[in-house]
1. Say R0 is 30 Å: what FRET efficiency, to the nearest 0.05, do residue 61 and residue 26 get from their beta-carbon distance?
2. Spin-label point model (7 Å from Cα, Cβ direction): what's the residue 49 to residue 69 distance in nm?
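A short reminder: the numbers here are calculations on the coordinates, not readings from a lab. These figures come from a predicted structure and were not determined experimentally. So basically every Cβ, Gly included, is an ideal-geometry build from the backbone, and we count neighbours across all protein chains shown.
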């Protein structure tokens, strides 16, 4: 797979329902913002949320992309 293509991310939070599960979109944005971006967020506290979000996104991508692959190999892919 080619991971060099840019991601198109819509940051317009108006489309999210009021009762969406999990942390707020603004909190996720803070967790995923690099410290050198100069946005003034305290990333130390949100590091766990950001790490968990990225691990979940990678897991879902691998699971949906490699539908016929054994779970041991999927775990190996995720670790890379």
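1. 0.80
2. Each label point is offset 7 Å from its Cα along the Cβ direction, giving 3.0 nm.
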